[in-house]
1. Kirkwood hydrodynamic radius (Cα pairs, Å) of region 20-73?
2. How much FRET efficiency would the formula 1/(1 + (r/R0)^6) give for V43 and R22, where r is the Cβ-Cβ distance and R0 is 30 Å, rounded to 0.05?
3. Obtain the nm distance between the two label points defined at R10 and W64 by a simple spin-label model: each point lies 7 Å from its Cα along the Cα-to-C-beta direction.
4. Working out 0.36 nm times the residue gap between A29 and L54, then minus their Cα-Cα distance, what length gain in nm do you get to one decimal?
Amino acid sequence: MGDTGGAPPRSVPRKEPTDMPRLALYSLAVCVLAVVAAVLSFVQGSWLGILWVLMAGLSSNMCWYYLKRRRVTR
């Protein structure tokens, strides 16, 4: 019904965006692990390795994106 004279609302601290180099490192780690998984799948004769290759491509693109975005913002 309005202000009752209570304590003023607390300001919520702003959450900083996630650091881009950390995301680039995470995506690089996923890329390396996906390449290893693809090699192991193909060595075992499984065609599932194709999915791992696609995952490696996606994560490498993410890594380049975050690194390039960081260079632009500097």
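Throughout, read-outs are computed from the coordinates displayed, never taken from laboratory work. The model shown is predicted, which means the values in this text are computed figures rather than measured ones. Cβ coordinates were reconstructed from backbone atoms using ideal geometry, including for glycine residues, and neighbour counts include every protein chain displayed.
1. 11.4
2. For V43 and R22, the calculated efficiency is 0.40.
3. Result for the modelled spin labels: 4.6 nm.
4. Once the chain is fully extended between A29 and L54, it gains 7.5 nm.
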